[in-house]
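The values are calculated or read from the model by the stated rules, or taken from the named source; none is laboratory data. Bear in mind the structure is a predicted one, so any value in this text is a computation, not a measurement. Glycine also receives a Cβ, built like all others from the backbone with ideal geometry; neighbour counts cover every protein chain displayed. Protein only, heavy atoms only, side chains kept; ligands, DNA and RNA dropped before computing areas. Shrake-Rupley method; radii C 1.70, N 1.55, O 1.52, S 1.80 Å.
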Amino acid sequence: IYPHPIPNSINTQQINDIYIEEDGNIWLATMGGLINYNQNTNTYNIIYDKDGLPSNYLQSIQQDNYGNLWISTLNGITKFNKDIRKPIFINYDVKDGLQSYTFTKNCSYKSENGELFFGGINGFNAFMSGNINKMPPKVNIAELKINNKTVLPNVDDSPLNVSILDTK
C-alpha cells in the first residue's frame, strides 16, 4: 500500500464513496467534488458544481447498465456520462420525485436487474435508469403559423374560427 496524490483540500480529503470501474478507473465522491483517479497514469481530475454537478457535496456513486454514473449529493441526484473533458449532467431533485434533496453518504445499491437505490434523510429512491421520463409530455399549441405568418381567428382565409388555444 502506498499513498496516492489527492488534491490538498479539507473537503476533497473526506471521501464518502468510491466506485472502481472494471478497467481500474476510480471515481471518488468527496465533500469537494467528484475526483476521477487514473491508476495507470497516477493522475486525477476534479469535477465541480460549476461543471454541472448539483452540489460539490457528493454522497454516493453507482453505475447503471448503460455505463453512466449516478451520484447522490446534498442537492439531489445526477446522471453523469463520465466524460471528464465534456461532462454532461442531468440533475434530479424533489420536483422529480426524490425523497429529499439530501442523501446519505455511502448509501446506494444496484440490484441484479439494474435497479438503483439511493438512501436519504426521508427514506430512499429506487428506479431503473432506462425508464426515467418515459411519460410523453402534454402538448399545448399556443400559436399557428402558415408561411411564417401568425394565423388569427375570424380573419379572411383563416382556418380558425376561434383562438388556437380553444381549437380542438
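Condition first: assigned to a helix (DSSP H, G or I) and either polar (S, T, N, Q) or open to solvent by 70 Å² or more (accessible area, probe 1.4 Å) (or both). Now tell me which residues in the stretch 85-103 satisfy that.
LYS95, ASP96
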Output the number of residues of the stretch 108-163 satisfying the condition of being in contact with a helix residue (DSSP H, G or I) (Cβ under 7 Å, 6 or more places away or on another chain) and polar (S, T, N, Q).
0
Any residue at all in the stretch 69-82 that's at pLDDT 95 or above and touching a helix residue (DSSP H, G or I) at 6+ places or on another chain (Cβ under 6 Å)?
no
Only one of these conditions is not met by SER158: (1) polar (S, T, N, Q); (2) open to solvent by less than 50 Å² (accessible area, probe 1.4 Å); (3) closer than 20 Å to LEU58 by Cα. Which number is it?
(3)
Test of understanding: among ASN42, ASN68, ASN36, which residue is more than 12 Å from the chain's Cα centre (by Cα), of a type in the set (S, T, N, Q) and closer than 15 Å to PHE89 by Cβ?
ASN36
Pairs please, first residue from the stretch 77-91 and touching a residue at least 12 places away in the same chain (Cβ under 8 Å), second anywhere and open to solvent by 40 Å² or more (accessible area, probe 1.4 Å) and charged (D, E, K, R), Cβ atoms under 6 Å, 6+ apart in sequence or on different chains.
PRO87/ASP51; ILE90/LYS79
Go through the stretch 104-137 and count every residue that is more than 19 Å from MET31 (Cα to Cα), surrounded by 11 or more Cβ atoms within 10 Å (Cβ to Cβ) and among the polar types (S, T, N, Q).
3
